[in-house]
1. Report the residue count in segment 183-205 for those that are open to solvent by 10 Å² or more (accessible area, probe 1.4 Å) and farther than 18 Å from SER9 by Cα.
2. ALA222 is checked against (1) in contact with a His (Cβ under 6 Å, 6 or more places away or on another chain); (2) closer than 24 Å to ILE46 by Cβ and fails just one. What number does that condition carry?
3. Could you tell me whether any residue of segment 76-87 is of a type in the set (S, T, N, Q), under 16 Å from the mean Cα position of the chain (by Cα) and modelled with pLDDT of 90 or more?
4. Grab the strands (runs of 3 or more DSSP E) fully contained in segment 1-120, keeping just those with 1 or more residues being touching a Ser or Thr at 6+ places or on another chain (Cβ under 8 Å) and more than 30 Å from LYS239 (Cβ to Cβ).
5. For segment 186-225, name all the residues that are closer than 23 Å to GLN246 by Cβ and in a strand (DSSP E or B).
6. Among the residues of segment 240-262, is there at least one that is open to solvent by 30 Å² or more (accessible area, probe 1.4 Å), assigned to a loop (DSSP other than H, G, I, E, B), without any contact (Cβ under 8 Å) to a residue 60 or more places away in the chain and within 19 Å of SER10 (Cβ to Cβ)?
7. Mind counting the residues in segment 73-104 that are within 20 Å of LEU127 (Cα to Cα) and among the aliphatic types (A, V, I, L, M)?
8. Within the set of pairs 6+ apart or on separate chains, which have a first residue in segment 98-109 that is farther than 14 Å from VAL58 by Cβ, a second that is aromatic (Phe, Trp, Tyr) and open to solvent by 80 Å² or more (accessible area, probe 1.4 Å), and C-beta atoms under 7 Å apart?
Amino acid sequence: MANIFISYSSDDKTIVKKLAAILEQQGWSVWWDREIPVGKNFDVVIETELDLAECVIVIWTARSVASEWVRAEAGEANRQKKLVPIFLEEVEAPLAFRNIESALLFNWHGDLAHPELPLLFKAISNLIGRTPPPPPPPPPPPPIKNRLKVIAIIALFLVTAITYFIVRPAAKSEEHLITLTGIVKTAAEIPISDVEVNVEGTKYAGKSKTDGSYRIQVDEFAIGDEITISTSHPKYEDKFFFFKIQTAEVKDMDIYLNPITP
């Protein structure tokens, strides 16, 4: 169980990661990365974590105001009276949340000097019922001999790192480029077009073509990582599933969808 649950659009993952780190530095535990344990349903895990959290932070941006997931999570948090909204962009919140006091972090890039951060910390403390513990005091400086050893180790590390990046080609991103391909179809093998296929927690997505095929390339994962895939289409039920990346080209990852019954 985490003290704080963060609701956000996957397109805003980079800045949300910085916010989560700052909150954890204050002494709070945070659930935000939507890591789903093997064998667990995506929506069940999210619902459980949201219910157990003492505070729910909703990140409003141009992407999240259009997200049905974020709206639903914000509505449930508001119903449980533990919602703390944050605006990272100058957008208009959905109608149900426009009268709720919010932290205004417009154009925030992760620095601790923003004047709205103390107000955010206070709002969280009011919900959780306690202030975070003060950070531990810095350790005393090591003796001079130890400091010289540390400096030598750092120097060796820098030389090794510089050599690595000079000798090694700059095609690191290509080594971590993962390609996902497959066909979206019904149980009767009928292709479905215009289905949005998303890699959860990232900005990467693709849309199925007339023949149901889709192709997504991501560079935030490596072989051995686990990723979660979701689908969205107004006429078919949403689907979530996850798998471990075994090769750089994941082929024949077909997705079967059920039509929404009226």
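The values are calculated or read from the model by the stated rules, or taken from the named source; none is laboratory data. Model, not experiment: these values are computed from the prediction. Using ideal geometry, Cβ is built from the backbone for each residue, glycine included, and neighbour counts are taken over all protein chains shown. Surface areas here come from the heavy atoms of the whole protein model, side chains and all, with no ligands, DNA or RNA. Shrake-Rupley method; radii C 1.70, N 1.55, O 1.52, S 1.80 Å.
1. 10
2. Tallying (1) in contact with a His (Cβ under 6 Å, 6 or more places away or on another chain); (2) closer than 24 Å to ILE46 by Cβ, ALA222 fails exactly one: (2).
3. Start the filter on segment 76-87 by keeping residues that are of a type in the set (S, T, N, Q), which leaves 78, 80.
This time we only want the ones that are under 16 Å from the mean Cα position of the chain (by Cα), so: none.
Checking segment 76-87: not a single residue is of a type in the set (S, T, N, Q), under 16 Å from the mean Cα position of the chain (by Cα) and modelled with pLDDT of 90 or more.
4. 83-87
5. Across segment 186-225, the qualifying residues are VAL197, ASN198, VAL199, ALA205, GLY206, SER213, TYR214, ARG215, ILE216, GLN217, VAL218.
6. No, every residue in segment 240-262 fails to be open to solvent by 30 Å² or more (accessible area, probe 1.4 Å), assigned to a loop (DSSP other than H, G, I, E, B), without any contact (Cβ under 8 Å) to a residue 60 or more places away in the chain and within 19 Å of SER10 (Cβ to Cβ).
7. Final tally of qualifying residues: 8.
8. Matching pairs, first to second residue: none at all.
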